[in-house]
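The block underneath contains the structure these notes are about, expressed in structure tokens.
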Amino acid sequence: MFGYHELSDFSAEIGKISIRFEKDGNFYRYVREDDGREEKSIFTGSGRVIINPVEPVNLPKEITNFLQIKFDKKFLSEPKFSTEVYLTFPIEIAVFIAAKKSLGLIDVFSLNKPKFTLYGDPRAGIICRYWESGVYSDIPEVDKYREGVMKLRITNSDDEWVEVNSVVLDVYGMKIYYDGELVYSAASMNITSPKVAETRFIERPLRDSMKKALELYVARRIAVTRSKFVMEWGL
């Protein structure tokens, strides 16, 4: 269901959420129904609907651009050693309309209720979208409309064993890919001391056949210059 669709008479059921476009005279009406009803009138002669997974920091409004994934179990990382694990991350779904070589954002919704947390010092820390995940050696089974799978490469550059509890990422650098089975992203975490690590997203799909999702901050024409984040308040 992710991907491009013809505007005329488009409808879909995603979990308990129903979305559709209805022709109403000279314009279209977008309708989303879940616990309530959301309607928008779309003035266009033609166009295509794009349904994409997007960065999970847009709901209920733009509160933060950071995502903290808390591991369900702590683990120790060997000195001067790298490993790759799989995590899950929350999915938000955006509805775009494409016409005359331009994009318009119609709606963003999610099957997950967003939670937030404070990472770091109460006075100088940052608010993060909060998510709990297992740590897997293989790709876990997920509901692709609720969760994506993230491959995280963890490198311990320190000379000591380091305990790791979570990863914090700047979502403005997030690259999301999808196919008919999976929503996917990749990131790295370079541990430089027992309490400090540098994280960044990696622009690489799991499979060559995967399509790259639209980046919502690009659609909103937000200038982005950051590519990494330094976790300096503990791991």
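Brief remarks follow.
- Neighbour-count ranking [beta-carbon atoms within 10 angstrom, fewest first] of Met1, Met231: Met1, Met231
- Charge dipole (debye, nearest 20) of region 3-231; +1 at Cβ of Lys and Arg, -1 at Cβ of Asp and Glu: 700
- Listed by chain and number, the aspartates and glutamates whose C-alpha is less than 20 Å from the C-alpha of Lys80, apart from same-chain residues fewer than 8 away, are Asp158, Asp159, Glu160, Glu163, Glu198, Glu232.
- GluC sites (Glu not before Pro) restricted to region 19-121 and DSSP loop, no more than 12 other C-beta within 10 Å: Glu62
- Value at 222 nm in deg cm²/dmol, rounded to 500, when DSSP H runs of n ≥ 4 in the chain each add -39,500 (n - 2.57): 0 deg cm²/dmol
- Formal net charge of residues neighbouring Ile50 (Cβ-Cβ distance under 13 Å; K, R +1; D, E -1): 0
- The residues neighbouring Ser11, those whose beta-carbon lies less than 13 Å from its own, together hold a net charge of -1 under the Lys/Arg +1, Asp/Glu -1 convention.
- DSSP-defined beta bridges in the chain - what % are antiparallel, rounded to 5: 85
- Gap separating the Cα centres of region 109-140 and region 25-50, nearest whole Å: 32
- Peptides 168-180, 9-21 ordered by average Cβ neighbours within 10 Å, highest first: 168-180, 9-21
- Label-point separation in nm, Asn112 to His5, each point 7 Å along Cα→Cβ: 2.2
- Sum of side-chain charges, Pro114 neighbourhood, beta-carbon under 9 Å (Lys, Arg +1; Asp, Glu -1): +2
- The mean sequence distance of close C-alpha pairs (under 8 Å, at least 6 residues apart), as a share of the length of the chain, puts its relative contact order at 20 percent.
- The structure shown yields Rg and Dmax of the Cα atoms in Å, and of the options [x] 22.6, 71; [y] 19.2, 69; [z] 35.6, 112 that calculated value carries the label [y].
No value in this document is a laboratory result; all are computed from the given coordinates. From a predicted model like this one, the values you see are computed outputs, not experimental measurements. Don't worry about glycine lacking a Cβ; one is built from the backbone with ideal geometry, like all the others, and counts go over all protein chains shown.
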